[in-house]
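In what follows, a single structure is set out as structure tokens and then discussed.
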Amino acid sequence: MPSRRQAIADDLRHLISTGHFQPGDRLPSEAQLATRYTVSTPTLRSALALLQGEGLVEKVHGSGNFVRRPLRRTTYVGGAATPPISPSKAVVRTTSLQALGGLPALLNVPPLTPLTEVLYVTHEGKSPQTLVRIYTPRGSASADSSGLEQIAASRADRRPPLSEVQERLSARLPTQEESTVLRISASLPVLSLTRVVTDVTGRVVEAALILLPGDRADALFTTRLMTDEGTPTE
């Protein structure tokens, strides 16, 4: 016999699949749903969390729970000097801070080194798609640029030129802040990518922490093999 939260999730899932609730519709309030199903608010929220984890419902803090519109998958293409950026669909915030926590090791700088953090959230329609934090030492070309397009241009014109992009991919659960920004359940795994860019002198010029919801993201990495003559294979 299914639990109460599973039974509630099954009923709401049925109402969504049959069109009783349409994509973009706001569900009744949690208090109304708890009364309807004669359960406590925590049990009702647990049922909604199941649907949020499946990508059927998204919780917008301060507004309520909405039937999620069909998700468009995002493909992260690894190995590029610049991560995918859609400036017209991004919310950007730039902050000055000091290297603390894991940032000194990530950027290979002494603790308390002045840094610039560029945070941006890309959107598909009204739904957040990607959360990115870019860290650069103060005084670098990227740090002194404003706007995503200018940052991308500064990478291409760097002297000394860029040499290596190292990327580490892992899966984990989001923090409460991350789940709120991306409007996903705290129980939904996310793809976490750490990118470190170095120049030809071996100096780390930029580090990026990229977060993508696991229910709508793929990561693509291509390795071009070399022939005996030193040319890439077709």
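The values are calculated or read from the model by the stated rules, or taken from the named source; none is laboratory data. Just so it is clear, the structure is predicted and the values come from calculations on it, not from any experiment. Here the Cβ is made from the backbone with ideal geometry for all residues, glycine too, and neighbour counts use every protein chain on show.
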Filtering the range 155-188 down to residues that are modelled with pLDDT under 90, over 18 Å from His61 (Cβ atoms) and not charged (D, E, K, R) yields Ala156, Pro160, Pro161, Leu162, Ser163, Val165
In the range 171-185, the residues that are surrounded by fewer than 17 Cβ atoms within 10 Å (Cβ to Cβ) and without any contact (Cβ under 8 Å) to a residue 24 or more places away in the chain: Arg172, Leu173, Thr175, Gln176, Glu177
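Of all strands (runs of 3 or more DSSP E) completely enclosed by the range 1-118, which ones contain at least 2 residues that are surrounded by fewer than 11 Cβ atoms within 10 Å (Cβ to Cβ), at pLDDT below 95 and of a type outside the set (D, E, K, R)? Steps first, answer last, please.
On the way: elements: 57-60, 64-67, 74-77, 90-98.
Strands (runs of 3 or more DSSP E) meeting the threshold: 90-98.
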I need the full set of residues from the range 32-64 which are of a type in the set (S, T, N, Q), closer than 20 Å to Pro189 by Cα and over 17 Å from the mean Cα position of the chain (by Cα), in order please. Ser46
Condition met for Ala207 (at pLDDT 90 or above and small (Gly, Ala, Ser)): yes
Mind counting the residues in the range 178-218 that are part of a strand (DSSP E or B) and under 15 Å from the mean Cα position of the chain (by Cα)? 14
